[in-house]
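The values are calculated or read from the model by the stated rules, or taken from the named source; none is laboratory data. Predicted model, so just to flag it, every value in this text is computed and none were measured. Cβ atoms come from the backbone with ideal geometry, glycine included; neighbour counts cover every protein chain shown.
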Amino acid sequence: MSGSAHNQGMARRDWILLWALALLWGASYLFIKVALEDLHPVFIVFARLVLAALVLVPLALRLGGLPELAARWRAVLVLAVIQVVVPFLLITFGEEHVASGLTGVLIASAPIFAALLGMAGFGAERTSGWSLAGVVVGIGGVVLLFGADLTGSSGLVLGGAMILLAALGYSAGAIYLRNALSATQPIAVAAATMTASAALLAPGALLTLPDAAPALKVTGAIVALGLLGTGIAFAIFYHLIATVGAHKASLVAYLAPGFSLVYGATLLDERVTAAAVAGLVLILAGSYSAAQGRPPWKPRATPAPAPATG
């Protein structure tokens, strides 16, 4: 779709897809927490990737984007490690100690890491004063969470640190994607990286096979995590990028963490503290300012219309 179409308002169908995506991505941490009751983290990630590939590969084949990636398999492997294998493993191991709702909040710090990487000379984004202020505010939210809700045991601190490293991996992967594979079909990249990641984790999955069949709710959580929270969610995300643009599609990053807290509180009886809510607000506000280069209350600048003629 043309750039002018991206500047128009979102249609009702696009808003429905955006909220559906937020619901799915926000629930992913709930599914992981349930799956951890019976399964090893490595096996969870492997099963998630295989199921996601079952959704994405047929879509990529239909769109015809896979053949051009064959010659760029090295870049695909690097992206798979940076943006999929390592972050997915860190999140899943981290959730052995950290509540699912707090995991979703910590992952929302990814734009803060993207801004920090930009300041360090990675990526092409220009960093404004508001971006720097957003980084400071967001880090304040992270410090608040660690000081209030992720304290008391080394497991909590380690789990929180692993999840933050996963957010860093997401940011680094996005920068690498723009630099190395930006001209390729997005669904094809997603399908290829999920498939490559599953292949890389296959040996580990064999070593962590469950001794007995998991409980029905665990099986359901894995299926939902792979098919819905990963495969279909990525397909919706890239569809939104194609129809309304990356800027509007990225709004999901500010919607999903709230759902993570709600899911954890209502379905897993996780405690939602005042610090968790305050940390969420600070991280989201900081992430928004860091990513957009402006405060949340300031509207996005739009080009002035051309003067009328005739």
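Going through segment 218-230 one residue at a time, which ones are over 15 Å from the mean Cα position of the chain (by Cα) and of a type outside the set (A, V, I, L, M, F, W, C)?
Our first condition is that a residue be over 15 Å from the mean Cα position of the chain (by Cα); within segment 218-230, this holds for 218-224, 227.
Answer for segment 218-230, where residues must be over 15 Å from the mean Cα position of the chain (by Cα) and of a type outside the set (A, V, I, L, M, F, W, C): T219, G220.
Looking only at segment 264-298, count every residue that is touching a Gly at 6+ places or on another chain (Cβ under 6 Å) and assigned to a helix (DSSP H, G or I) and tell me the total.
We begin by selecting, within segment 264-298, every residue touching a Gly at 6+ places or on another chain (Cβ under 6 Å); these are 264, 270, 279, 282-283, 286-287, 289-290.
Okay, now just the ones that are also assigned to a helix (DSSP H, G or I), so 264, 279, 282-283, 286-287, 289-290.
Matching residues across segment 264-298 total 8.
Take segment 243-263 and flag every residue that is within 20 Å of A167 (Cβ to Cβ) and in a loop (DSSP other than H, G, I, E, B).
Hits for segment 243-263 are S250, L251.
Kindly evaluate L77 against the criterion of being modelled with pLDDT of 95 or more, closer than 21 Å to I222 by Cα and more than 17 Å from the chain's Cα centre (by Cα).
Numbers: modelled with pLDDT of 95 or more: yes; closer than 21 Å to I222 by Cα: no; more than 17 Å from the chain's Cα centre (by Cα): yes.
The answer is no for L77.
Given L132, L116, which one is within 13 Å of A291 (Cβ to Cβ) and surrounded by fewer than 17 Cβ atoms within 10 Å (Cβ to Cβ)?
Values: L116 fails: surrounded by fewer than 17 Cβ atoms within 10 Å (Cβ to Cβ).
Just one listed residue meets the conditions, L132.
Tell me, which residue of segment 231-283 that is within 15 Å of the chain's Cα centre (by Cα) and free of Cβ contacts under 8 Å to residues at least 60 places away in the same chain is nearest to A148 (Cα to Cα)?
Taking the candidates together, the pick is S250.
Taking segment 185-217 as the search range and keeping residues that are hydroxyl-bearing (S, T, Y) and closer than 24 Å to E68 by Cα, which one is farthest from the chain's Cα centre (by Cα)? First the steps, then the outcome.
Filtering segment 185-217 down to residues hydroxyl-bearing (S, T, Y) leaves 193, 195, 197, 208.
Adding the requirement that they be closer than 24 Å to E68 by Cα leaves 193, 195, 197.
Numbers: T193: 14, T195: 18, S197: 16 Å.
Filtering first and then ranking leaves T195.
Restricting attention to segment 145-154, does a residue exist that is part of a helix (DSSP H, G or I) and among the β-branched types (V, I, T)? Steps first, please.
Residues of segment 145-154 part of a helix (DSSP H, G or I): 145-148, 154.
Going one step further and asking which of them are among the β-branched types (V, I, T), we end up with none.
Checked segment 145-154: no residue is part of a helix (DSSP H, G or I) and among the β-branched types (V, I, T).
Determine if segment 120-142 includes at least one residue that is of a type in the set (A, V, I, L, M), at pLDDT below 95, within 14 Å of the chain's Cα centre (by Cα) and part of a helix (DSSP H, G or I). Steps first, answer last, please.
So in segment 120-142, the residues of a type in the set (A, V, I, L, M) come out as 120, 124, 132-133, 135-137, 139, 142.
Applying the additional criterion that residues be at pLDDT below 95 yields 120, 124, 132-133, 135-137, 139, 142.
Among the residues that remain, those that are also within 14 Å of the chain's Cα centre (by Cα) are: none.
Looking for residues that are of a type in the set (A, V, I, L, M), at pLDDT below 95, within 14 Å of the chain's Cα centre (by Cα) and part of a helix (DSSP H, G or I), one finds none in segment 120-142, hence no.
Take the conditions assigned to a helix (DSSP H, G or I), under 20 Å from T208 (Cα atoms) and either of a type in the set (S, T, Y) or touching a strand residue (DSSP E or B) at 6+ places or on another chain (Cβ under 8 Å) (or both) and apply them to T92. Does it pass? Reasoning before the result, please.
Working: assigned to a helix (DSSP H, G or I): yes; under 20 Å from T208 (Cα atoms): yes; either of a type in the set (S, T, Y) or touching a strand residue (DSSP E or B) at 6+ places or on another chain (Cβ under 8 Å) (or both): yes.
So T92 fits the description; yes.
Can you tell me which condition T195 does not meet? The list is (1) modelled with pLDDT under 95; (2) among the polar types (S, T, N, Q); (3) farther than 24 Å from G26 by Cβ; (4) buried (at least 17 other Cβ atoms within 10 Å of the Cβ), and all the others hold.
The failed condition is (1).
Can you name every residue in segment 180-230 that is over 18 Å from L36 (Cβ atoms), free of Cβ contacts under 8 Å to residues at least 12 places away in the same chain and assigned to a helix (DSSP H, G or I)?
Residues satisfying the conditions are A199, P203, L206.
Which residues, taken from segment 8-37, are at pLDDT below 95 and not in a helix (DSSP H, G or I)?
Listed by number, the residues that qualify are Q8, G9, M10, A11.
Mind listing just one residue for me: the one in segment 250-287 that is surrounded by fewer than 21 Cβ atoms within 10 Å (Cβ to Cβ) and among the polar types (S, T, N, Q) and, of those, modelled with the lowest pLDDT?
Selected residue: S250.
Scan segment 166-173 and tell me whether some residue there is of a type in the set (S, T, Y) and under 15 Å from P87 (Cβ atoms). Lay out the reasoning, then the answer.
Step one: of segment 166-173, the residues of a type in the set (S, T, Y) are 170-171.
Imposing the further condition that a residue be under 15 Å from P87 (Cβ atoms) reduces the set to 170-171.
Yes: segment 166-173 contains one or more residues that are of a type in the set (S, T, Y) and under 15 Å from P87 (Cβ atoms).
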